[in-house]
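The structure appears below as structure tokens.
The values are calculated or read from the model by the stated rules, or taken from the named source; none is laboratory data. All of these numbers come straight from a predicted model, not from anything done at the bench. Every residue, glycine as well, gets a Cβ built from its backbone with ideal geometry; the counts of neighbours run over all protein chains shown.
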Amino acid sequence: MTATDQLIEDYLGRLESAASTLPSAQRAELLTEIRTHIEITLSHEEGRGEAAVRTVLDRLGTPEDIAREAGTDLTVESPPQATATGRRRVGAFDLVTVILLLVGGIVLPGLGWVIAVVLLWASARWTTRDKLIGTLVFPGGLTALVGFLLFSGGSSQCSPSGSCTSSGSSVGVALTLGLVAAAGSIASAVYLLHRAQHAAA
């Protein structure tokens, strides 16, 4: 390494120390920028002697001034508040909305689930896609399962000749449909809670 190269490395070493408080990525970018500037400027000089190198470095200013100026360009941002697991907490409003979507129709028949849907669409936490999922999968929430279980019994009609015909859905079919509805409602609720937890504050 020549004496002029040593001058440049010493200058960059001072700059790296002065910029130690900067984020590593910005510090590396600053060092690369200054090194490139020095090399380009020297390439236009008649020689690469010690005097030319010192002149270029003097024009740049002290490493401490450069680092200080680079630091003033930083925008300090507070880290997002998070729980111990690094995830945001679900708000009470969101939790109540999801619970009402599940059981609102049972607690307040004919009204509870409607209230939940209104709360869902009024919230800015979820996207339109999330709200459509919460509304359509599965309408009524767990009310559907309860309804299927309560009204699953079929009815039979017998003619005077003694032949009987059954109408209505069987218990097995009703139970299957109820379980499908319940699974859809629970999956939708879990999805909404997950989305609320990771939504931007």
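For a quick check of your reading of the model, give me the residue pairs whose first member lies in region 35-58 and is part of a helix (DSSP H, G or I), whose second is charged (D, E, K, R), with beta-carbon atoms closer than 6 Å and at least 6 apart or on different chains.
L42/R48; A52/E45
Of everything in region 14-56 that's among the basic types (K, R) and either more than 36 Å from the chain's Cα centre (by Cα) or not assigned by TED's automatic domain parsing to the domain that holds A67 (or both), which residue is surrounded by the fewest Cβ atoms within 10 Å (Cβ to Cβ)?
Among those that are among the basic types (K, R) and either more than 36 Å from the chain's Cα centre (by Cα) or not assigned by TED's automatic domain parsing to the domain that holds A67 (or both), it is R54.
Hey, L22 hits all of (1) assigned to a helix (DSSP H, G or I); (2) farther than 19 Å from V56 by Cα but one; which does it fall short on?
Going through the list (1) assigned to a helix (DSSP H, G or I); (2) farther than 19 Å from V56 by Cα, L22 breaks only (1).
Which residues, taken from region 125-150, are at pLDDT below 85, closer than 17 Å to H194 by Cβ and not in a helix (DSSP H, G or I)?
R125, W126, V137
So that you can scan it fast, the table gives a plain yes or no per residue for (1) surrounded by 18 or more Cβ atoms within 10 Å (Cβ to Cβ); (2) without any contact (Cβ under 8 Å) to a residue 12 or more places away in the chain; (3) on the phi > 0 side of the Ramachandran plot:
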{"position": "T97", "(1), (2), (3)": "yes, no, no"}
{"position": "V107", "(1), (2), (3)": "no, yes, no"}
{"position": "G110", "(1), (2), (3)": "no, yes, yes"}
{"position": "W126", "(1), (2), (3)": "yes, no, no"}
{"position": "D130", "(1), (2), (3)": "yes, no, no"}
{"position": "G134", "(1), (2), (3)": "yes, no, no"}
